[in-house]
Each structure stands twice: as C-alpha cells, then as structure tokens.
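Since the structure comes first, as structure tokens, the remarks are kept for the end.
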Amino acid sequence: MLAALGALLIGLLAAAMLVPATASADGETYVIATDTTFAPFEFQDAQGNFVGIDMDLIREIAKDQGFNVTIKPLGFDAALQAVQANQADGVIAGMSITDARKKVFDFSDPYFESGVQMAVLKDDDEIKSYADLKGKKVAVKNGTEGAEFAESIKGKYGFDVVSFADSASMFEEVKTGNSVAVFEDYPVLAYGIQQGNGFKTVTPKEQGSSYGFAVNKGQNPELLAKFNTGLKNLKDAGRYDEIIESYLGEGASDADNSFLGLLKSTFPVLMEGLKMTVILTVVSIAIALVLGTIFGLFRVSRSVWLRAIGTTYVDIFRGTPLLVQAFFIYFGIPSALGFQMTALTAGIITLSLNAGAYMTEIVRGGIQSVDKGQMEASRSLGIGYLPTMRKVILPQAVRTMIPSYVNQFVITLKDTSILSVIGIAELTQTGRLIIARNYQSFTMWLIIGIIYFIVIMALTKLSDRLEKRIAK
C-alpha cells in the first residue's frame, strides 16, 4: 500500500511540475487567469465556452501578436493569487487599475473606461437616490468598483454594505429582500438588465476607474508590451468597437428560461460538471482509502511514534477547513517551491488528504470495534501481530467500516463543490457559471439540487444493500 500510494503521489506531483513554464517568446502559450462570473466581461456560453469582452479581447490580441492563450477561470480573488504565485502569466478580469494594485501588479494601457451605478428591483418605487438608503443594506461584489464606491459613501448616507463573491449572488440578495440595492459596474448592470434579471438603474453613472490587463510585478514585460500593441491595433482596425457593441448593444435575450427550457439547454454542460465531480470523488476516495488504512493502522499501533504520526495527520486535516487546504496546496506550496500545479492535481491531493484523515478514524474505530479477545486468541496460537491484524482483525473490522466508507464517499462528493474556488468546473461551479450568464438562480439551483439528490440517493441505497448483504 505504501508503494502504491508513493507511486500515485509522485505521479500527481510530476504531472503538476510538467505544466509549461512562463512563456517568453512568440508562438508560446500564456496562461491567463480570469474571473468566472462577471458577465459581460467573462462568462460561459451555452456550449460551455468562456466568452465575453475580456475573453474576446485577449484572444484577438493573441491572434494579432502571434501568441496563444490558455484561459484559467478561477474567480476574481483566486485569479489574482494565481498570478502572484506564478501559476498564471497574466490576469484579465475587469480589474480596475488602482494605486494599491500597482504595488503588486504591472498594468497594461486601459482597455475599458468603467463607472458605477446603483440598481434596484424593477418594481421598487421607494429607492430613487442614495438618500433613500438610510438604515438599509446594499449588496456589492468583492474587489469591484461598485464595492469601493459603496464603502466610500455609506457613512454619508447611513447604509450597510454586504459583500459577495459573484454578481449572481449579489443580485439574489436583493431579490430575497435582505438588501434593497446593488452597486455594480455599469456594463455588468446593463448586461444583466438586458438578460431580464428584474432590475433597473436609478442613479446616473458615477465616474469610475479604468480596467487593465495585469501581470505579476516585474514579470512578463514582453506579454504586457504585446497586449498594449495588440490593443492599439484592434482599436485602429475598429475590431475593438465591434466587440464592445456585441455585448453591450441593444437587444434582449430570447432564451427559454422555464424549468424544462433551462434543463434542456444546460443538460450537456451540467453532465460535464457531474462527470468532473465523479472523477474527483472516485480518485480521491481511492487514495483516501489507502491513506486511511495506513494511518489507521498507525493509530492503533503499539509504537508510540507511529501513533503520534497518525494522530498528527488526523489533527491537521480534520482541524483546518477544506477551503484553506485547497488554497494552501494550490497557491502556497507551488509559490514556496517554485513550480506550477494544475487545478485538477491540487484538487485531488486536497480531497485525498482531507478524506484520508476521516478514513483514518473509520479504520481505527473499525479495528477497535473487534473484541480484544480476537487478538489475544490469535497471539496465543503463535500467530504474529501483523498476520493477525491482516487475517483476523481487519476482515471483521471491514464489515463494520463499509457503511462509514460509503458515507464518506457521499461527503467527499459534496465537498468537491468547494474546489470551485481554484477553478475546477465540477457540478456546483458549472451551475454558478450558467447563472452568471442567465441570472436564473432559483431554477438552476433547483436543477443542480435534484442532480445531487439523485446521485447521493443512489449511493445511499447502495450502502443499505451492502449492509443487508453483510448482515446475512
């Protein structure tokens, strides 16, 4: 088991370190990090492709300048961390150029002049100005101009700010009645209203800052120069205006947003997300089973050192949030050791180590559930400790552990949703990307919930059948 585990982990790390290094010449491929839910700048279309103003611009610039791009959708905060950790060469995510960010990143020439507006529900006739917000709450998205503007005036007008990680959640906050308005970049509001999200703008556009493409401070100056040159060429040729008009021009969405309409149009993409969820779960549980068996035996070992190792492993991975573990493995370790790691590799390692800690306790509990007299009887017959453990104790313990194993499989399947923070498009992340495009939160989460329910119920029924067979 140790040999198999070692080979598997070495393979994962080797795959991680084989990710192409930072590009530096014409024809090279640059890894570009981006947000995942910031329509119309970046979002996923009905075919699962990442599109939007930013996506079209970076691809057109790459074509103009003779290089290739690999898009890494992560979410805004994670995209910035990926560039800082050299997991990506650059970031384009509707990011405002600020003095604070200039200390960390090198920016291109501005490619979009933004501004902030306030919006309320279409049928809200009470909130017409900032003064009407007194004593109420407004929703914003982390890291945006809208968030900065709301923070700058909340003291003057006496309202509270609630922050969210994506635009869809921010809009949903107002629909639930917990907040009364949103502050957002005007193109995002314009696109959402065009898609029928049920909002209207009630204030004029405030002067905003400019959006820029960014690279890590002191890194990739040639990529920055290519971006600036390509941007100028697109503007001179009129292609820049065509891209902006295609997303912000007049025209309403004619998509079928009914339950059956959404299910039909999004089913292929959702199945791809479910496929990734199952892959992550199965591979991680297989590795966790090996880890749990090894460290479970450590936990019941007669050696104080082995027991200490097993206890330390369990305490670390049960005592820290899975989200922190994912960020540490994907961003922290590669940054400290100077190599790149794919999101899939980092996700599998994270889930495996986390689930392995819980598997360890399942194994320990299963072994200790076997009557001590079994070990004593075996040893009295002259059978060694390890053969006794392998041939007498573990076969009996496994019968006790199987239901808990299936339960951990279900827990790990649900935990895959957390890995969306590092850009893995599993089922939950796929749903978030679809919602960012059509703003149909209730219906999409209902569909995703049904899919999870069907899969988990199937696993639960399997567990029940196994228990009954074992009982016989």
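The table below gives the values:
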{"quantity": "Qualifying positions in the range 169-201 - surrounded by 17 or more Cβ atoms within 10 Å (Cβ to Cβ) and more than 19 Å from ALA39 (Cα to Cα)", "calculated": "SER179, VAL180"}
{"quantity": "Top-ranked residue in the range 46-58 [being under 19 Å from PRO187 (Cβ atoms) and open to solvent by 10 Å² or more (accessible area, probe 1.4 Å); ranked as nearest to the chain's Cα centre (by Cα)]", "calculated": "PHE50"}
{"quantity": "Test: LYS205 is open to solvent by 60 Å² or more (accessible area, probe 1.4 Å), farther than 21 Å from VAL51 by Cα and modelled with pLDDT under 90", "calculated": "yes"}
{"quantity": "Test: LEU337 is among the hydrophobic types (A, V, I, L, M, F, W, C) and either under 15 Å from GLY292 (Cβ atoms) or buried (at least 19 other Cβ atoms within 10 Å of the Cβ) (or both)", "calculated": "no"}
{"quantity": "Residue identified as assigned to a loop (DSSP other than H, G, I, E, B) and either in contact (Cβ under 8 Å) with a residue 12 or more places away in the chain or among the hydrophobic types (A, V, I, L, M, F, W, C) (or both) among SER179, SER210", "calculated": "SER179"}
{"quantity": "Condition broken by GLY66, with the remaining ones in (1) under 30 Å from LEU297 (Cα atoms); (2) of a type outside the set (A, V, I, L, M, F, W, C); (3) modelled with pLDDT of 85 or more satisfied", "calculated": "(1)"}
{"quantity": "Subset tally (residues that are of a type in the set (Ser, Thr, Tyr) and open to solvent by 10 Å² or more (accessible area, probe 1.4 Å)) for the range 89-107", "calculated": "1"}
{"quantity": "Residue match in the range 157-168 (condition: small (Gly, Ala, Ser), modelled with pLDDT under 90 and open to solvent by 50 Å² or more (accessible area, probe 1.4 Å))", "calculated": "yes"}
{"quantity": "Qualifying residue in the range 439-451 (condition: assigned to a loop (DSSP other than H, G, I, E, B) and at pLDDT 80 or above)", "calculated": "no"}
{"quantity": "Residue among ASP54, ASP89, ASP77 that is in contact (Cβ under 8 Å) with a residue 24 or more places away in the chain and closer than 19 Å to TYR240 by Cβ", "calculated": "ASP54"}
{"quantity": "Scope the range 226-237; condition open to solvent by 20 Å² or more (accessible area, probe 1.4 Å) and not charged (D, E, K, R); matching residues", "calculated": "ASN228, THR229, ASN233, ALA237"}
{"quantity": "Qualifying residue in the range 243-265 (condition: surrounded by fewer than 16 Cβ atoms within 10 Å (Cβ to Cβ), in a helix (DSSP H, G or I) and of a type in the set (Asp, Glu))", "calculated": "yes"}
{"quantity": "Filter pass, LEU223 being open to solvent by 20 Å² or more (accessible area, probe 1.4 Å) and touching a residue at least 12 places away in the same chain (Cβ under 8 Å)", "calculated": "no"}
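Okay, residues lined up against (1) surrounded by fewer than 22 Cβ atoms within 10 Å (Cβ to Cβ); (2) farther than 22 Å from ARG399 by Cβ; (3) of a type in the set (Val, Ile, Thr):
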residue	(1), (2), (3)
GLY292	no, no, no
VAL304	yes, yes, yes
PRO321	yes, yes, no
SER352	no, yes, no
ILE362	no, no, yes
ASP371	yes, no, no
GLN374	yes, no, no
TYR385	yes, no, no
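The values are calculated or read from the model by the stated rules, or taken from the named source; none is laboratory data. The structure displayed is predicted, hence computed values, not measured ones. Cβ: placed from backbone, ideal geometry, glycine included. Neighbour counts: every protein chain shown. Please note that ligands, DNA and RNA were not included when accessible areas were found on the heavy atoms of the full protein model with its side chains. Shrake-Rupley method; radii C 1.70, N 1.55, O 1.52, S 1.80 Å.
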